[in-house]
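What follows is calculated from the coordinates using simple rules that are stated; it is not laboratory data. In this text the structure is predicted, and so the values were computed from the model without any measurement. Note that each Cβ is placed from the backbone with ideal geometry, even for glycine, and that neighbours are counted across all protein chains shown.
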Amino acid sequence: MKIQGLCLVVLFFSSLKCESQFSKSKSDEKESYFKTDLNYLNDLVYLGRRDSLMVPYLSATVGYYHRSGLFISGALSYLSSKAESRIDLFTVDAGYEFSINDILSGSIIGEKYFYNKASNSIKSDISGILYASMNADLSAIQIGMEAGVSFATKTDYTTTFTAAHNFNLEQNDKGFSINPSLNINFSTLNFYEAVTNKKFGKKHLINNPNYLSLTSTTVANKQGFTLMDFEFSIPIEYKINHTVFYLTPYYAIPQNPISTTTNATITLRNGSTLKQQLNSTAWSENNLNAIFYLEAGINFSF
């Protein structure tokens, strides 16, 4: 996939939205609102991968959602692990959500990440993501597709296919909704190379006091678009007027182990230089296991 292709998708979605707006009367317009959210994620998992140490986040978010479908929000994430505690991430989101008719809807969203330099997040090399999605509500099942571009040391391309079914038990703005879902995620692997390379450098500089400096390049032995994982989730919400309590258990089944090779140039404190080529494949990639994790929170709209 090329970036030009994603741009065409974005333009296509935008044109559909513009066309659909003219077909709606003013009475169909939604109200603008603010939304605040407080949630806890017990481990950050991205495309079926995570750091060897758990990265739990307590996050606070505030956003403004205009009736046109435009929105902007900001989130602050606090790392709350036993080993480390700090503000680890600030995120800014902006986007456009739209409905074409009772069946088709979509969104175009950009996310900007500001990670702490010490972050161990599997996403810490990614500075931003731009993605577009299209969804179809077929009553018995909801299906969707998302195409994205993530910006880091090198650009990555991602695609997600989604299938879900919504059980809505709400009455008079009060009640439960349950939405069992399956995501199938594909991605290129530049983000993984960059994170593995960063960990390699940190580990070897800390463990070898005779090293003055180290530069390295890590390459995944498998290149191109890769099936990353199957991810099952069951979002459960309880709504009371403008307040929503939610709990989402996730079960990710990673696919296609990623082996890596790192070429390193090491400068010793005595001035001499060493060059090494090492197998830097993570233990977790040689022993892929399913990952269970949880997110819980509360949001309020006004």
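Computed quantities for the displayed model
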item	result
Along each principal axis, Cα extent of the chain, largest first, Å	76, 42, 31
Size of electric dipole in region 91-148: Cβ of Lys, Arg +1 and of Asp, Glu -1, about Cα centre, debye, nearest 20	340
Cα-Cα over 25 Å, subset of K82/K154; K112/K239; K199/K275; K35/K198; K112/K174	K82/K154; K112/K239; K35/K198; K112/K174
Mean-position separation - Cα centroids, region 187-222 and region 28-71, in angstrom	30
I103-N289 FRET efficiency (beta carbon distance; Förster radius 51 Å; 0.05 resolution)	0.85
Segment L53-F300, length gained on full extension (0.36 nm per residue, minus Cα span)	85.7 nm
Given charges at beta-carbon only (K, R positive; D, E negative), |dipole| of the chain in Debye	1200
Theoretical gain in end-to-end length, F167 to K112 [0.36 nm per residue, Cα-Cα removed]	16.5 nm
Ellipticity estimate at 222 nm from DSSP helix runs (n ≥ 4, -39,500 (n - 2.57)) divided over the chain, nearest 500	-4500 deg cm²/dmol
Cα centroid separation - region 267-287 against region 86-153, whole Å	34
Nearby aspartates and glutamates by direct alpha-carbon distance to K30 (threshold 18 angstrom, same-chain neighbours under 8 apart not counted)	E19, E97, D102, D173
Relative exposure of M228, M145, judged by other C-beta atoms within 10 Å (fewest first)	M145, M228
Computed lengthening from T36 to M145, 0.36 nm per intervening residue step minus Cα-Cα distance	36.5 nm
